Amino acid sequence: MKFSDFLGNEAAKTVLYRAVCDENALRHAYLLTGPKGVGKRTLANLFIRALLCRGEDRPCGECLPCKKVDRQIHPDVLILRPPEGKDAIPAESIRTLREFLYLLPNEAEKKVVLIENAESMTLTAANALLKMLEEPPSYAVFVLLAENRSLLLETISSRCLVLPLFEPGLYLSEKYLARQYEGTAPALLENALLYGGGNLGRSIRYLGEEEVQKAFEETKNLFFHLDRGEFFLLKTLSEYERDRDGFLTLLENLDRLSCAAAEHRDSLSLLEASEKMRSTLSQTAAARLHFLCEETMDRLKQNASLGLSTARFAGALSTVAG
Ligand SMILES: [Zn+2]
């Protein structure tokens with residue numbers, strides 16, 4: 001993969017590419033922000049590969065350093081992320097980081113530290129990192145990834161060059177998927193687009209996971225039959241009376257569809273489903289459905305009873321379409 005293969009986000013790509021080509025433009029720390037699925041990790045990997053690549057037209061993808069970065073075995077790259085099953089990057093990781101950082105590079109001219117979910121560092125870890133960011137060794141480059149800049153200590157983000165990444169949107173997502181997934185059934189691609197709602201990472205996840213596809217099909221079946229009356233809705237939703245995760249997934253998917261129907265009506269002209277969607281729900285009804293989904297998800301997160309929530313939701317749904 002080359003910089004030009006990374007979809008959209010020209011501003012961030014230009015900054016990183018320039019840093020690869022011109023040592024004077026290279027900063028000690030970068031912070032890539034943006035929602036899940038936007039490509040933070042992909043772009044960071046591209047950047048790190050390019051920094052350490054020994055080939056021409058970096059990253060060449062062929063040389064040993066490129067391959068080592070890809071396989072996450074390059075001795076001059078340290079990746080920190082929350083341990084399996086944990087939410088936070090613990091303070092011990094910072095000790096590992098210190099040991100890594102203050103030894104000269106092994107093979108490359110640089111040492112790169114990639115910190116995923118940087119917002120999940122404990123306060124102790126964040127403060128220790130701050131010290132290193134304030135006086136980094138000349139060969140060090142930090143790349144931090146976070147969904148939201150505001151969740152990081154301001155003292156940390158202000159030491160980084162912040163590069164916000166944006167979702168490519170439906171139009172670019174469609175172009176990308178059509179090219180990369182040539183030969184895939186159009187209906188599957190259309191569902192992937194709807195599921196992603198302009199977030200390419202989410203669309204790609206859809207294409208790779210049958211479970212996700214199955215759940216989305218079930219939601220679509222409900223979405224396009226909202227007008228079939230309360231009995232149908234109660235019956236459908238009663239299947240989730242004992243399945244909290246399933247119900248939450250249904251709500252998330254329904255929310256996606258309602259947003260697509262409310263916000264992307266025009267950009268959705270490229271989709272066959274959009275016509276059907278327009279005739280199913282008015283824009284106001286779609287917006288009501290969106291609020292209803294959010295409200296129910298909030299209630300569930302506050303531990304509302306599942307049985308009551310599904311029944312209540314079914315009742316409310318029957319008034320949305322009517
Ligand atoms: Zn290379």
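The values are calculated or read from the model by the stated rules, or taken from the named source; none is laboratory data. All figures in this text were calculated on a predicted structure; none of them were measured in a lab. Note that we place each Cβ from the backbone using ideal geometry, even for glycine, and neighbour counts take in every protein chain shown.
Go through the residues of the stretch 50-67 one by one and say whether even a single one is charged (D, E, K, R), within 24 Å of Arg205 (Cβ to Cβ) and within 14 Å of the ligand (Cβ to nearest atom). No. The numbered conditions (1) more than 16 Å from the ligand (Cβ to nearest atom); (2) at pLDDT 95 or above are all true for His74 except (1).
For the stretch 146-202, the set of residues classified as at positive phi and either among the hydrophobic types (A, V, I, L, M, F, W, C) or surrounded by 13 or more Cβ atoms within 10 Å (Cβ to Cβ) (or both) consists of Gly169, Gly197, Gly198, listed by residue number.
Only a single item in (1) closer than 30 Å to Gly196 by Cβ; (2) within 16 Å of the ligand (Cβ to nearest atom); (3) charged (D, E, K, R) is not met by Arg81, and it is number (2).
Restricting attention to the stretch 65-106, the residues being among the polar types (S, T, N, Q) and surrounded by 13 or more Cβ atoms within 10 Å (Cβ to Cβ) number 1. The residues of the stretch 18-61 that are under 22 Å from the mean Cα position of the chain (by Cα), in a loop (DSSP other than H, G, I, E, B) and among the small types (Gly, Ala, Ser), listed by number, are Gly34, Gly37, Gly39.
Going by the structure shown, is Ala29 at pLDDT 95 or above, touching a Phe, Trp or Tyr at 6+ places or on another chain (Cβ under 8 Å) and within 16 Å of the ligand (Cβ to nearest atom)? No. Pairs meeting the criteria (first residue in the stretch 60-89 and polar (S, T, N, Q), second residue more than 9 Å from the ligand (Cβ to nearest atom), beta carbons under 9 Å, at least 6 apart or on different chains) are Gln72/Ile79. Just a yes or no: is a residue in the stretch 90-100 assigned by TED's automatic domain parsing to the domain that holds Ser157 and within 23 Å of the chain's Cα centre (by Cα)? Yes, there is a match, as at least one residue in the stretch 90-100 is assigned by TED's automatic domain parsing to the domain that holds Ser157 and within 23 Å of the chain's Cα centre (by Cα).
Of all the criteria given as (1) aromatic (Phe, Trp, Tyr); (2) within 20 Å of Arg159 (Cα to Cα); (3) within 19 Å of the chain's Cα centre (by Cα), the one not satisfied by Phe3 is (2). Hey, does the stretch 97-116 have a residue that's closer than 25 Å to Glu167 by Cβ, out of contact with any Lys or Arg (no Cβ under 8 Å at 6 or more places or on another chain) and away from the ligand (no atom under 16 Å from the Cβ)? Looking through the stretch 97-116, at least one residue is closer than 25 Å to Glu167 by Cβ, out of contact with any Lys or Arg (no Cβ under 8 Å at 6 or more places or on another chain) and away from the ligand (no atom under 16 Å from the Cβ). Just to verify a result, which residue in the stretch 274-322, among those that are over 14 Å from Glu252 (Cβ atoms) and of a type in the set (Val, Ile, Thr), is surrounded by the most Cβ atoms within 10 Å (Cβ to Cβ)? The selected residue is Thr310.
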